[in-house]
Amino acid sequence: MLVYALVAGLLFGLYFSLVGIGLNLVFGVMRIVNLAHGDFLMLGAFIAVGVSALAALDPLFAVPLAFVVFVLVGLVLYRLLVPRLQGSVNPEMLSIILFFGLSQVIEALTTIAFGTSERSIDSSELGAILAPLRTALFGGDADGPVELFGQSFPASWAISATVSVIAIGLVYVYLYRTRLGTLTRAVMSRRDEAFATGINVDRVSAAAFGIGLGLAAVAGVFAPFMFGSVTPAFGEDATVTSFAVVVLGSLGNPLGTALGGVVYGISYMLVQTYLSSWADLLPYVLLILILLLRPSGLLGRRVRVA
Amino acid sequence: MIGRMAAAFAAGLMLATPVLAADPPAEIKIGTLYASSGRYASISMPVHSALKLWVEQKNAEGGVYVKAFDKKVPIKLVAYDDQSNTATASTLYNQLITQDKVDLLVADSGSVLTAPAVAIARDHKMFLFDQTGTGASFFSKDNPYIALMADPVSTIWPKPVADFLTHDGPALGIKKIALLYSTNEFTGTQANAVRKFIKESGAPVEIVYDQGVPTETTNYTVIINNIRAKKPDAVIHLGYAPNDIAFLRNVNEVGVKFKWMFSIYAGLETELLEKNVGVKGLQYVYTYVPPSELDYPVNFGMKMPEFRALWNKTFPDGKVEFGFNAVAGYTTALVIEKTLSVATSLDQMELRRAVFSLSGQLKTLDGTFALDETGGQIGELTPLGQLVPNEHGHLKFVAVYPHEVATGKPVYPRP
């Protein structure tokens, strides 16, 4: 049971790293708390449902689609909302109110459009195009579970975790191997100094906001598989968990989120195994513990001075 | 002399007034809540939609007959959205009573959102038409302000499940049972009842796994692995629809073959579950057989095919699924209609008397409406059934217990 919980926690946690990383990127660059983060995740899930139901395609095709669509949505939203927010006296506090309102609007519009019922996708559809590769790597049936350390896990978990690792790797490449990424880190480190040195902070911030939303939508594509189903109200819980993962890793350090996600995932599965009734308290308990013991997060060196 | 006669006539008229019908109001106000979003939306919206459907139907006929005024009076449905939030629900229940001054109070669907209404209604001495809140703690001899309309109370609901496992189970080879439930009033009470029935039966069956998980749980993979480690012959999962969806999907995704598996909503909201779990995932799952699968004799209101046709006509977009909860909402409406037709006033205790007078007499598409002395529903019992694929690959219900209503034999172990 322990080995199963640890491996399940690792897979689950890697997925949660992807869930949280966009939120942290946006906070790190702009110091705004995107309380609608989970709602963009939910919209990503609905894109996957649409790709599967309407186009009869493997939901993996929804990954690039969701990313591109929400990067564009992010750029537009940034132009509409963020400059005015940044110009206010207390952008962090106002961002909470603004994005809470945005979250309510997104949920209401999605409810009107799609109704309140749960929606999901047949698990065997995810990664169907990669079935031969999957069988070669993990054995078993093309639409069955995968074997890891002699234990069976849902194939969708392995695929979600793999995509999450790739996405986190790409965020790393973006931050540490591209010029825009270097500028992004400069803005994350000291926004005012970056501005003084002539960096186009607005452009860097818009890119980070778009990428943050795009990553949330990509995480959303896998939500129907990781959570059984999604509804328009799914975003609220996703935001809370994302926030716990982000704070655990280090607020303002996107790559710390990867560690935060894994710690959260493993802790969740261990609690579910040994103290199942208490599992849902975990995000809050971890938040309290980390704020008491290490307020800067597990990788807190690069935390912003707010 | 004339003055005395006039005074005597006036006094006589005044004395006679109580036996005449009172002045009718412009409308009867029915207050209720619904959840258009959040965790309970999928069980709340069908109930609320059915109630609305009935209101529109009756108002199109000029209203509902109210005995207290001896005439038809239009209905005004005062409904607020609690968004599946119990704190919001508390505020709104109070608002319905104190600000809107509704004549009848109807709870939202499910035990979680009914719970705040129970205490508030009692405090305000307002009779609560409890639609589907089956939690055992709602019903007590010292609370006359509640009656359960459309579901069996949770303390007796799982009796067919426990009886099947203890009476027929040992012969099939069922000796070890796993019990997994969501920790809320609805399923927590059912879990307690299952334990009690099994213990009292004295049958050679043992509960080898007994765990509660938070109602918000959406991932059961590790829990399923833990259950598998106990090698149970039967697994009972008691949760709300999203729990059932996640649990049944995870069982299939992990490739576990439990020999006997029960879930509540596989039967109560079969359309919803089929959309999310798939036909394959629901095959041979045991569940409650919903009223839509049973041909109950009806002495009031529409029969099932008629109601189904009207539902499909009214909600053609399929955004709100037809199922057990839709039937529950309509059943509540029928009880209200019948209550108003026999109550001599809109006084809350008179409404209670009228509701209880229907016990054992009212037969709707949901079965026989029968209450115990605390207001718990004991009439609309649901048999245990199994979802079996038919020759076209679709699912059909086979009632397996009690034996007198059985339509087939249980398939064990699950193929």
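What the table below lists for this structure:
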| item | result |
| --- | --- |
| Selected residue (only one of B:ASP70, B:ASP81 is at pLDDT 85 or above and either open to solvent by less than 20 Å² (accessible area, probe 1.4 Å) or within 14 Å of chain A (Cβ to nearest Cβ) (or both)) | B:ASP81 |
| Filtered residues of segment A:238-282 (kept if open to solvent by 40 Å² or more (accessible area, probe 1.4 Å) and in contact with a strand residue (DSSP E or B) (Cβ under 8 Å, 6 or more places away or on another chain)) | A:SER277 |
| For A:ALA136: the one exception among (1) surrounded by fewer than 13 Cβ atoms within 10 Å (Cβ to Cβ); (2) touching a residue at least 60 places away in the same chain (Cβ under 8 Å) | (2) |
| Looking only at segment B:297-356, and only at residues there that are assigned to a loop (DSSP other than H, G, I, E, B) and of a type in the set (Val, Ile, Thr), the one that is surrounded by the fewest Cβ atoms within 10 Å (Cβ to Cβ) | B:THR344 |
| Failed item, numbered, when B:ALA178 is tested on (1) over 21 Å from the mean Cα position of the chain (by Cα); (2) surrounded by fewer than 24 Cβ atoms within 10 Å (Cβ to Cβ) | (2) |
| Residue check, A:GLU107 surrounded by 20 or more Cβ atoms within 10 Å (Cβ to Cβ), among the acidic types (Asp, Glu) and within 11 Å of another protein chain (Cβ to nearest Cβ) | yes |
| Yes/no for B:TYR265 being of a type in the set (Ser, Thr, Tyr) and within 14 Å of another protein chain (Cβ to nearest Cβ) | yes |
| Residue among B:GLU306, B:GLU321, B:GLU271, B:GLU253 that is among the charged types (D, E, K, R), in contact with a helix residue (DSSP H, G or I) (Cβ under 6 Å, 6 or more places away or on another chain) and free of Cβ contacts under 8 Å to residues at least 60 places away in the same chain | B:GLU253 |
| Subset of segment B:168-196 [more than 14 Å from chain A (Cβ to nearest Cβ) and under 14 Å from B:THR155 (Cα atoms)] | B:GLU185, B:PHE186, B:THR189, B:GLN190, B:ASN192, B:ALA193, B:VAL194, B:ARG195, B:LYS196 |
| Residue check for A:ILE211: away from chain B (no Cβ under 14 Å), outside any helix (DSSP H, G or I) and in contact with a Leu (Cβ under 7 Å, 6 or more places away or on another chain) | no |
| Criterion: facing another protein chain (nearest Cβ under 9 Å), more than 30 Å from B:PRO46 (Cα to Cα) and surrounded by 23 or more Cβ atoms within 10 Å (Cβ to Cβ) - qualifying residue of B:VAL222, B:VAL256 | B:VAL222 |
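Residues checked against (1) part of a helix (DSSP H, G or I); (2) surrounded by fewer than 22 Cβ atoms within 10 Å (Cβ to Cβ); (3) within 14 Å of chain B (Cβ to nearest Cβ):
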{"position": "A:VAL69", "(1), (2), (3)": "yes, yes, no"}
{"position": "A:VAL73", "(1), (2), (3)": "yes, yes, no"}
{"position": "A:SER88", "(1), (2), (3)": "no, yes, no"}
{"position": "A:GLU92", "(1), (2), (3)": "yes, yes, no"}
{"position": "A:SER103", "(1), (2), (3)": "yes, yes, yes"}
{"position": "A:ALA113", "(1), (2), (3)": "yes, yes, yes"}
{"position": "A:THR116", "(1), (2), (3)": "no, no, yes"}
{"position": "A:TRP157", "(1), (2), (3)": "yes, no, yes"}
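Residue-by-condition table, conditions (1) assigned to a loop (DSSP other than H, G, I, E, B); (2) open to solvent by less than 10 Å² (accessible area, probe 1.4 Å); (3) among the aromatic types (Phe, Trp, Tyr); (4) assigned by TED's automatic domain parsing to the domain that holds B:PRO204:
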{"residue": "B:LEU105", "(1), (2), (3), (4)": "no, yes, no, no"}
{"residue": "B:ALA115", "(1), (2), (3), (4)": "no, no, no, no"}
{"residue": "B:ARG122", "(1), (2), (3), (4)": "no, no, no, no"}
{"residue": "B:PHE129", "(1), (2), (3), (4)": "no, yes, yes, no"}
{"residue": "B:ASP168", "(1), (2), (3), (4)": "no, no, no, yes"}
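Matching residues to (1) more than 14 Å from chain B (Cβ to nearest Cβ); (2) in contact (Cβ under 8 Å) with a residue 12 or more places away in the chain; (3) in a loop (DSSP other than H, G, I, E, B):
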{"residue": "A:GLY228", "(1), (2), (3)": "no, yes, yes"}
{"residue": "A:VAL246", "(1), (2), (3)": "yes, yes, no"}
{"residue": "A:GLY252", "(1), (2), (3)": "yes, yes, yes"}
{"residue": "A:GLY256", "(1), (2), (3)": "yes, yes, no"}
{"residue": "A:GLY265", "(1), (2), (3)": "no, yes, no"}
{"residue": "A:LEU286", "(1), (2), (3)": "yes, yes, no"}
{"residue": "A:LEU291", "(1), (2), (3)": "yes, yes, no"}
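The values are calculated or read from the model by the stated rules, or taken from the named source; none is laboratory data. Remember, predicted model here, so these are calculated numbers, not experimental data. Every residue, glycine among them, receives a Cβ derived from its backbone with ideal geometry; neighbour counts consider all protein chains shown. Side chains are part of the model used for accessible areas, which takes the heavy atoms of the whole protein and leaves out ligands, DNA and RNA. Shrake-Rupley method; radii C 1.70, N 1.55, O 1.52, S 1.80 Å.
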